[in-house]
Structures are given as structure tokens and as C-alpha cells.
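Supplied in C-alpha cells, the structure appears directly below.
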Amino acid sequence: MSQSQCSVLSSIRANYISLSQSEKIIADYVIENSDDMVNMSMMDIANVVGLSDATVLRFVRSIGFRGFSDFKIALAADLIRPTEAIFEELDEEDDTKTVTTKVFQAGMQLLQDTLEHLDMHAMDVALELIQSAKRIFLYSSGTSGGIADWFLTRLIRLNYNVVMNNDSHLQIIQSSLMDEDDLVIMISRSGTADNLIRAERQAIKNGAKVISITCNAKSILASGATVSLTGVAKELRRDISGSPISMLAIVDALFANLEMLDLEKTANYQRKIWSALRSTRTSIK
């Protein structure tokens, strides 16, 4: 997607987690005051947020634009896009319907932003790596464990040789015994988990391939992976994170694509699974 087609607001959301503290101040100002910024210069923005114009330019480049002019053109285009939504913070006076609506709308926007910025070539490479691996290891950290668990069950349904391990000590041990036929899929929202970074480096050292799924394209984990898939993160509040939605969508897309690669084989696996499950239910009765 060219810079003129790229949404400033979605670019901010796609890169927010990797911005510096100063850049986040500018990002927050842009999101809250996008209507007023079309007529502002780089120096105007710098004066309003109390930072240097060099920091404003660095922010513009950090979210994917070559310069301030490209940024302003894209921002002007944002203002005439009726579907572009700005995240609304949750308020303590919001009723049930309002909270639910905000959460759903934020989730839909996260999915749209992730789709807009997802590297489809990276998706193709990831699919090839999964197909060709003799062994697949699923590693995750923190709240990303649920996504890894979901992906595990799907890969098993397609008869891949896959195991999941969330123990940091055992991740290092397993990684030290990998070779070029192995693949590690690492899932981490921040991409900064020390245990995953150590395991990744060990796996790469032994010739194994690594797919990272994060919400931080500039993280050490993403940078060190064979291929990285990046979701978009944005919180309505500190305790309500939307990033799992985008990472789960990436995992779901990988699974669907793997299913479609050989529909006859997929259907055969499903028949075997349902036959086994039916026989199990019958025996229990």
C-alpha cells in the first residue's frame, strides 16, 4: 500500500507499542486533534506538545511515512473517510450498552487496521515454513498463552507434528536440541519477553526457523525471527487490551489458509476426528 493510501490513524495504532514516550505524546495528540492538524506545521505541532520539530519528524517516520508532507496528505485523506473510527476511551459513567459497543467497535477497528498493515508475503512465507517443518514448537508468554493453545488444537486437527511449551527453562532446553528441520512459532504481544528471545536465538543458532506473532514489529523477537507477523494493539483502558483480537485473527488466518492448501486431506482429517469423537461418546453412554 502506498503512503498516500495509508491511513495515519491506523498507522499510529499499528506502530503505537513500539513508539518512544515522546512519540506517544505526539501520537495521542494526533488521534485526539486530527481535525485541527491539517493546517498545522511541524513546528506548530512541536510547540503544542512541548517537543522539538525533530521529534515530530521522527514520529512521522516511525509510523511509516517518508516525511511530514506525506503524513499531512494522508491525514487529510483520513478526514474524508467515513469508515475511519477513532478509539473512544471507556468512561466510568458508561452504561452496559455503551461499554459493550465501544469494545466491539474497537475490536472491529483493530481487525481492519491489522489487515491493512499485515504483510501478505510474510504470511506466504509462514505458511511454507509450517508446511515444510518436521517438528513445530509453540512458545508463548503471559496472556498470549491462550492464543498459542488455540493454535495448537488447530494444527493438531491438520495432523501437524506440534507441541506447546510455556515453561521458560524447557523452551531453552528444547531450542538447544533443534535443527534445520524444526520450526518455532513464538507468540508474544510485546515481543520483549526475555525467555522467548533467548529461546529464539538458540533456535536460530541451531538452524531452526522462527515465526514470531507480535504487536510490535520493531521488537527484538520480531527482528530476530525468520518471518514476523504483526497485529495491532490498542487499549481502551490499561486492563482491557485489544491486541489478542488481532493476534488471534492472524492465527485464524494461518489455520484457514493451511486448511485450503489441501481440502481433500483436510476433509479426511475431519472425518477421522468426528468418527473418533462419536465413538467416544457412544462408549461413555
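Suppose we keep only residues that are surrounded by 21 or more Cβ atoms within 10 Å (Cβ to Cβ) and among the aliphatic types (A, V, I, L, M) within the range 12-29. Which one would you say is nearest to residue 190 (Cα to Cα)?
Across the range 12-29, the extreme among qualifying residues is 17.
Looking only at the range 176-191, which residues are in contact with a Phe, Trp or Tyr (Cβ under 8 Å, 6 or more places away or on another chain) and not acidic (Asp, Glu)?
Selection gives 178, 183, 184, 185, 186, 187.
Any residue at all in the range 126-134 that's in the same structural domain as residue 196 (by TED's automatic domain parsing), touching a helix residue (DSSP H, G or I) at 6+ places or on another chain (Cβ under 6 Å), closer than 29 Å to residue 257 by Cβ and at pLDDT 85 or above?
Among the residues of the range 126-134, at least one is in the same structural domain as residue 196 (by TED's automatic domain parsing), touching a helix residue (DSSP H, G or I) at 6+ places or on another chain (Cβ under 6 Å), closer than 29 Å to residue 257 by Cβ and at pLDDT 85 or above, which makes the answer yes.
Separate question: Please specify each residue of the range 116-125 satisfying the condition of being at pLDDT below 90 and either surrounded by fewer than 18 Cβ atoms within 10 Å (Cβ to Cβ) or of a type in the set (Gly, Ala, Ser) (or both).
Result: 116, single match.
Of the residues that sit in the range 126-163 and are touching a Ser or Thr at 6+ places or on another chain (Cβ under 9 Å) and among the β-branched types (Val, Ile, Thr), which one is surrounded by the most Cβ atoms within 10 Å (Cβ to Cβ)?
The extreme case among them is 147.
For the subset of the range 25-56 comprising residues that are in a loop (DSSP other than H, G, I, E, B) and either farther than 22 Å from residue 77 by Cα or among the β-branched types (Val, Ile, Thr) (or both), which member is modelled with the lowest pLDDT?
Here the answer is 38.
Let me ask something else. Pull up the range 254-276, narrow it to residues that are among the charged types (D, E, K, R) and in a helix (DSSP H, G or I), then point me to the one that is nearest to residue 138 (Cα to Cα).
Of the residues in the range 254-276, the ones among the charged types (D, E, K, R) are 259, 262, 264-265, 271-272.
Narrowing the set further to residues that are in a helix (DSSP H, G or I) leaves 259, 264-265, 271-272.
Numbers: 259: 19, 264: 26, 265: 23, 271: 26, 272: 24 Å.
Selected residue: 259.
To continue, here is another question. List the residue pairs whose Cβ atoms are under 9 Å apart, where the first residue sits in the range 219-235 and is surrounded by fewer than 22 Cβ atoms within 10 Å (Cβ to Cβ) and assigned to a strand (DSSP E or B), the second is at pLDDT below 90 and of a type in the set (Phe, Trp, Tyr), and the two are 6 or more positions apart or on different chains.
As it stands, the answer is 235/87, since those pairs meet every condition given.
Is it true that some residue in the range 170-186 is in contact with a helix residue (DSSP H, G or I) (Cβ under 6 Å, 6 or more places away or on another chain), at pLDDT 90 or above, closer than 30 Å to residue 100 by Cβ and assigned by TED's automatic domain parsing to the domain that holds residue 154?
Within the range 170-186, not a single residue is in contact with a helix residue (DSSP H, G or I) (Cβ under 6 Å, 6 or more places away or on another chain), at pLDDT 90 or above, closer than 30 Å to residue 100 by Cβ and assigned by TED's automatic domain parsing to the domain that holds residue 154.
Take the residues in the range 104-120 that are touching a strand residue (DSSP E or B) at 6+ places or on another chain (Cβ under 8 Å) and hydrophobic (A, V, I, L, M, F, W, C); name whichever of them is nearest to residue 11 (Cα to Cα).
Result: 118.
Just to check your reading of the model, which residue among 234, 265, 272, 209 is under 22 Å from the mean Cα position of the chain (by Cα) and at pLDDT below 95? Steps first, please.
Details: 265 fails: under 22 Å from the mean Cα position of the chain (by Cα); 272 fails: under 22 Å from the mean Cα position of the chain (by Cα); 209 fails: at pLDDT below 95.
Of the residues listed, the single one that is under 22 Å from the mean Cα position of the chain (by Cα) and at pLDDT below 95 is 234.
The values are calculated or read from the model by the stated rules, or taken from the named source; none is laboratory data. Computed from a prediction, not measured in an experiment: that's the story for all the values here. No Cβ is skipped: glycine too gets one built from the backbone with ideal geometry, and neighbour counts run over all protein chains shown.
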